[in-house]
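> What follows is a structure written as structure tokens; I'll ask about it next.
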Amino acid sequence: MAHADDATKEWISAIPKKNADGNVVEWTVKYKYTLAATGKDNFVREFTKTEKIETPSKTPDKYTKAELLTLMDKDHWDDMFNKKYDVYIATAPVETTDVSFDVSTLEDA
């Protein structure tokens, strides 16, 4: 199941670093996923990534949100969110301590 598809996604920030021409040389993006979990608090994960632009050619306002998400490798963020959500909603294994176990019932060798 692709939990990331069901999550609410929210831009926290997209901060460009520009050269003297005003073109972006680096983006730092923060992006948040939130998904409800039955019987638990909402599962929230925030991802941050900084990516250098090898050939600066555009001012910040010439980028689209879709371009930024591709640049930040959103597919990887989706994958990490899915894995972490699966762990969050998993039922913890049941462990019991058998205090009545009689070690004398074991073979010596």
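> Report, by residue number, each residue of the stretch 65-88 that is within 16 Å of Lys9 (Cα to Cα) and hydroxyl-bearing (Ser, Thr, Tyr).
Selection gives Thr70, Tyr85.
> Could you tell me which of the residues Ala36, Ala2 is closer than 21 Å to Asp78 by Cα and in contact (Cβ under 8 Å) with a residue 60 or more places away in the chain?
On the way: Ala36 fails: in contact (Cβ under 8 Å) with a residue 60 or more places away in the chain.
Among Ala36, Ala2, only Ala2 is closer than 21 Å to Asp78 by Cα and in contact (Cβ under 8 Å) with a residue 60 or more places away in the chain.
> To continue, here is another question. Kindly state which strands (runs of 3 or more DSSP E) lie completely within the chain and contain at least 2 residues that are at pLDDT 95 or above, hydroxyl-bearing (Ser, Thr, Tyr) and surrounded by 11 or more Cβ atoms within 10 Å (Cβ to Cβ). Reasoning before the result, please.
Working: elements: 8-18, 24-37, 40-52.
In the chain, 24-37, 40-52 are the strands (runs of 3 or more DSSP E) which contain 2 or more residues that are at pLDDT 95 or above, hydroxyl-bearing (Ser, Thr, Tyr) and surrounded by 11 or more Cβ atoms within 10 Å (Cβ to Cβ).
> Give Asn19, Asn82, Asn42 a once-over and let me know the one that is more than 16 Å from the chain's Cα centre (by Cα) and of a type in the set (S, T, N, Q). Spell out how you get there, then give the answer.
On the way: Asn82 fails: more than 16 Å from the chain's Cα centre (by Cα); Asn42 fails: more than 16 Å from the chain's Cα centre (by Cα).
None of the others qualify; the one that does is Asn19.
> Of the residues Val29, Val87, which is in contact with a helix residue (DSSP H, G or I) (Cβ under 8 Å, 6 or more places away or on another chain) and of a type in the set (A, V, I, L, M)?
Numbers: Val87 fails: in contact with a helix residue (DSSP H, G or I) (Cβ under 8 Å, 6 or more places away or on another chain).
After applying the criteria, what remains is Val29.
The values are calculated or read from the model by the stated rules, or taken from the named source; none is laboratory data. Being a predicted model, the structure only gives us computed values, none of them experimental. Counting neighbours? That spans all protein chains shown, and the Cβs are built from the backbone with ideal geometry, glycine included.
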